[in-house]
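So the structure is just underneath, and the comments pick up after that.
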Amino acid sequence: MSSTLDLEFIQDFTHFEQHVAKLIHRAGWTVETAKPNQPGYDLIATKENLIVAVQVKWLKNNATAPQLLKFADFLDSNEGKKFNSGWFITTKGFGGPAIALIRSWNKDTKIRCGIALENKLVSVDGSIDIISDNHKQTPSDTNLSTKIYFGVFTCKGGVGKTTIAAHLAGALALQGFNVALVDLDPEENLQKLVGDGVFVPNPKGAGTNIQVFKADDWHEDSARDCQIVICDCSPALERNPPELVNRLNYCIIPTTLNPLGINKHGKVIQETVREIRQINKTAHLFVLVNNFKDPGVKRFRLLKQVYLSAYTEIRKTDNKFHCIDPEEVCIRASDLLYYWGIHILENPENPASRLAFDLIGGRCYPREDFINLADFIEREAGIGVLRSS
Ligand SMILES: Nc1ncnc2c1ncn2[C@@H]1O[C@H](COP(=O)(O)OP(=O)(O)O)[C@@H](O)[C@H]1O
Ligand SMILES: [Mg+2]
């Protein structure tokens, strides 16, 4: 799996620290390194009467909430109080809990969290250039999109695209990301199902709402703070707006794992990949098994073998094509998802205002499966990076 880290030319902490110092210096700051073994910070940035403690984290994984809390405690300490701000700069990105923590801080907090890219530092939500002005948004007319676009596309109807788009959005929202849904399908099933927004119930908290846009209404400014955009696609590629298909950073390709359909589906996936690549050469593609019914260990092994071998040809020619191992992540067949979908017939006037994430008997398969998928994507696709395109 290729990493989305843009800094592959940097091999160690010292080089990364120098890189960060250079970026800060380029923005007009004076930068010094802290004395060796200085706890709390690595660099000191000064400009006019401002003094900033910079913590530099060279990490292979996302920065975690405890790492941020430690820096926040330092800034509150006597030693830390002399700084006007603290910048926490990392390599890869921030995990879900860390992002939730950052979102819980108000505007007065002294910490700014960011990621060092090759040419600039971007803040965790991508909207703020942390070194030039702490609070100013970057102008919307720059073409730098810091939003991550996901498509859910298979060139076949009824495989679960709409169901997956909505619930993946819900799971990412539960991980602390600010998510929007865009309905690209002229059939408008998603909007018929949920209207212009859907509630994500969270047994551990207050839950959250996700806005749903029509393709025509979607514009980068429609949801300014949103970090992740999920597009529910039409199975006929030509019916999706090509400029949005071109935008996709990642595409989830749902399929099923049924014995009689398995070879046919292999062809559908080949066709799907061929179609996407006509418009978008760079998106990472992930095949995901939906509507999974557990056939028992022995049969599952057999199915899995046939399933994976159906894609070896594609993998040979396309290094951004990935097949998610159904043993690691799949979406199980569930009554909850089935009933969520049947709402379109039972109650056409009244949108299904909430996702199928409510617990039954203390558990919820869709919730578990989609959180598992969201975790996988965050890990494998590195969405914590929220890099500029
Ligand atoms: N994992 C699942 N378990 C049960 N029913 C599902 C599951 N995934 C999808 N469905 C049902 O299958 C049907 C087709 O799903 P949908 O998301 O509309 O597919 P598509 O958007 O690809 O046409 C819907 O009735 C939906 O409720
Ligand atoms: Mg659909």
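Of all the helices (runs of 4 or more DSSP H) wholly in region 271-389, which have at least 3 residues that are more than 28 Å from Lys147 (Cβ to Cβ)?
So the answer is 297-309, 312-317, 335-346.
Within region 221-243, take every residue that is surrounded by 17 or more Cβ atoms within 10 Å (Cβ to Cβ) and away from ligand 2 (no atom under 16 Å from the Cβ) and give me the one that is modelled with the highest pLDDT.
The extreme case among them is Val229.
Are there any helices (runs of 4 or more DSSP H) wholly within region 45-111 with 1 or more residues that are surrounded by 22 or more Cβ atoms within 10 Å (Cβ to Cβ), and if so which? Don't jump to the end; show me each part of the working.
Details: elements: 65-76, 78-81, 96-104.
The helices (runs of 4 or more DSSP H) meeting that bar are 65-76, 96-104.
Out of all the residues in region 321-357, which are surrounded by fewer than 18 Cβ atoms within 10 Å (Cβ to Cβ), more than 16 Å from ligand 2 (Cβ to nearest atom) and either charged (D, E, K, R) or in contact (Cβ under 8 Å) with a residue 40 or more places away in the chain (or both)?
Within region 321-357, Asp325, Glu327, Glu328, Arg332, Ala333, Asp335, Glu346, Glu349, Ser353, Arg354 meet the criteria.
Show the residue pairs that are 6+ apart or on different chains and have beta-carbon atoms under 9 Å apart, the first residue being within region 93-115 and over 12 Å from Ala65 (Cβ atoms), the second being crowded, with 19+ Cβ neighbours inside 10 Å and of a type in the set (Lys, Arg).
Here the result reads Gly93/Arg387; Ile115/Lys92; Ile115/Arg387, each pair linking region 93-115 to a residue that is crowded, with 19+ Cβ neighbours inside 10 Å and of a type in the set (Lys, Arg).
Quick one: which residue in Leu184, Leu190, Leu172 is under 27 Å from Ile276 (Cα atoms), touching a helix residue (DSSP H, G or I) at 6+ places or on another chain (Cβ under 8 Å), within 14 Å of ligand 1 (Cβ to nearest atom) and touching a residue at least 60 places away in the same chain (Cβ under 8 Å)?
When all the criteria are applied, what remains is Leu184.
Per-residue answers, yes or no, for (1) assigned by TED's automatic domain parsing to the domain that holds Val245; (2) within 20 Å of the chain's Cα centre (by Cα); (3) of a type in the set (A, V, I, L, M); (4) modelled with pLDDT under 80:
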| position | (1), (2), (3), (4) |
| --- | --- |
| Leu50 | no, no, yes, no |
| Thr64 | no, yes, no, no |
| Lys70 | no, no, no, no |
| Asp76 | no, no, no, no |
| Lys82 | no, no, no, no |
| Gly96 | no, yes, no, yes |
| Arg103 | no, yes, no, yes |
| Asn134 | no, no, no, yes |
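The values are calculated or read from the model by the stated rules, or taken from the named source; none is laboratory data. Everything numeric in this text was worked out from a predicted model, so none of it was measured. Note that we place each Cβ from the backbone using ideal geometry, even for glycine, and neighbour counts take in every protein chain shown.
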